[in-house]
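One structure is given below, encoded as structure tokens.
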Amino acid sequence: MGARRFKITIVGAGATGATTAHWCALSELGDVVLYDVVEGLPQGKALDLLEATPAAGLDVEVLGTNRWEDTAGSDVVVITAGSPRKPGMSRRDLLAVNYRVVAEVAARALERSPDAVFVVLTNPVDVMAYVVLRVTGLPPARVVGQAGMLDSLRFRAFIAAELGVSVRDVSALVLGGHGDSMVPMVRLAQVGGVPLTALLAPETIARLVERTRSGGAEIVGLLKTGSAFYAPGAALCAMVAAILRDQGRVLPAPAYLQGEYGLSGLYTGVPIILGAGGVRRIIEVEMTAEERAAFMRSADEVRAAMAELPAEMGGPR
Ligand SMILES: NC(=O)c1ccc[n+]([C@@H]2O[C@H](COP(=O)([O-])OP(=O)(O)OC[C@H]3O[C@@H](n4cnc5c(N)ncnc54)[C@H](O)[C@@H]3O)[C@@H](O)[C@H]2O)c1
């Protein structure tokens, strides 16, 4: 008696939203509410997922809805609503379409779940996380993006496949904005504690870095009608778990900088400690001059994208 299951609202029941619901249900993180504007879509996907729960013995409720009331009292709100890329598009090309959607859903979700931590996926994610921060007025710890976790998962998967080793033993960090200028930190990548640079030739590492950078575009190019969803959903689920279970996971994610790395007033990918209540701390890693230059170029790109926002969303006045 008295124990309450966690409640996770996922806004957007498209490819990433539904897949995140799937991963979260599989991990029994809590009850899942899938919200979308399209009538029938969240209800249909949620019902299908609910009907799958007996197969794996999962004690979770899954509800699909077009009504904000159903999202009330959520512990975590994940925002995936908005358009994905089409072949040839950059993430930044989505800004004009997506910021209105993200601003609206963030405000509506906050009304019903004033204590939630918000995790933002919609692209361009560094800018959209900032929009959520502005619209909700929440403390920066409670608004975090998802990007670096996915980029790092991709880098780890490619390294493990190249070496023929377990993905579990590969650790890697990708920092900076979630775009072509992201910064895979090769120097810090390790395989079972051994530096990656001791195991692979520089040309091979360069190839894996390039594939990581264009990992999203590679999938968009193959799918043609949408972008990646399994790995983004898995990355989101890991972040939701870190928050709900107060795990203190150390992972890269777009977080709001207030002086860290000499930057302020923007979201970009940095290592954070994620637990109950959101971002516990931003970790500052030492960088070589070259890494720092790449990180700053990436931050400049985020700022340039932010300048496309209207003034009330934090764009230039
Ligand atoms: N940050 C990352 O690493 C990352 C990874 C993958 C995808 N993304 C981004 O996530 C977003 C979603 O991708 P997807 O593949 O799930 O797209 P999708 O088109 O499959 O799903 C988006 C859903 O949002 C819904 N939606 C639109 N306006 C809404 C509103 N006002 N309220 C509620 N729902 C609304 C749509 O009806 C649709 O079902 C895209 O912007 C994509 O670029 C980011």
Subject >> Solvent-accessible area per residue for region 161-317 (1.4 angstrom probe, square angstrom) >> reply: 47 Å²
Original post:
If r is the Cβ-Cβ distance from E39 to S83 and R0 is 22 Å, what FRET efficiency results, to the nearest 0.05?
Top reply: 0.75
Original post:
For region 73-148, rounded, prolate or oblate, judged on the Cα gyration tensor with a ≥ b ≥ c (square roots of eigenvalues), a/c < 1.5 rounded, else prolate if a/b > b/c?
Top reply: prolate
Original post:
Using θ = phi - 60° and the Karplus form 6.51 cos²θ - 1.76 cosθ + 1.60, what ³J(HN,Hα) does each residue of region 197-211 get, whole Hz, x for Gly and Pro?
Top reply: 5, 8, 10, 10, 5, x, 5, 5, 4, 4, 5, 5, 5, 4, 5
Original post:
Can you tell which of K224, K45, K86 shows the greatest fluctuation in a Gaussian network model of the chain with Cα springs below 10 Å?
Top reply: K224
Original post:
Using +1 on the beta carbon of Lys and Arg, -1 on that of Asp and Glu, and nothing else charged, what's the dipole of region 113-230 about the Cα centre, debye to 20?
Top reply: 80 debye
Original post:
Solvent-accessible area per residue for region 1-46 at a 1.4 Å probe radius, Å²?
Top reply: 45 Å²
**OP:** Would you compute, from DSSP H runs of 4+ residues alone, the mean residue ellipticity of the chain at 222 nm, taking -39500 (n - 2.57) per run and dividing by the full residue count, rounded to the nearest 500?
**Re:** -13000 deg cm²/dmol
**OP:** On the protein heavy atoms, probe 1.4 angstrom, tell me the percent of accessible surface of the chain carried by carbon and sulfur.
**Re:** 54 percent
**OP:** Mind giving me the FRET efficiency for E290 and R168? R0 is 25 Å, r the Cβ-Cβ distance, nearest 0.05 is fine.
**Re:** 0.25
Original post:
Roughly how many Å² is the accessible area per residue of region 63-104, as a whole number, for a 1.4 Å probe?
Top reply: 43 Å²
Subject >> Debye, to nearest 20: dipole size of the chain, +1 on Lys, Arg Cβ, -1 on Asp, Glu Cβ >> reply: 280 debye
Original post:
How big is the charge dipole of region 96-156 about its Cα centre, in debye rounded to the nearest 20, if each Lys and Arg gets +1 on its Cβ and each Asp and Glu gets -1 on its Cβ?
Top reply: 80 debye
Original post:
Where a ≥ b ≥ c are the square roots of the eigenvalues of the C-alpha gyration tensor, would you call region 257-307 rounded, which needs a/c under 1.5, or, failing that, prolate if a/b is larger than b/c, or oblate?
Top reply: oblate
**OP:** Note down the nm distance, to one decimal, between modelled labels 7 Å out along Cα→Cβ at T225 and at E111.
**Re:** 3.4 nm
Original post:
Rg to Rh for region 102-196: what is it, with Cα atoms only and Rh by Kirkwood?
Top reply: 1.12
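The values are calculated or read from the model by the stated rules, or taken from the named source; none is laboratory data. Here the structure is a predicted model, which is why all the values come from computation and not from measurement. Please note: Cβ atoms are built from the backbone with ideal geometry, for glycine as well, and neighbour counts cover all protein chains shown. Please note that ligands, DNA and RNA were not included when accessible areas were found on the heavy atoms of the full protein model with its side chains. Shrake-Rupley method; radii C 1.70, N 1.55, O 1.52, S 1.80 Å.
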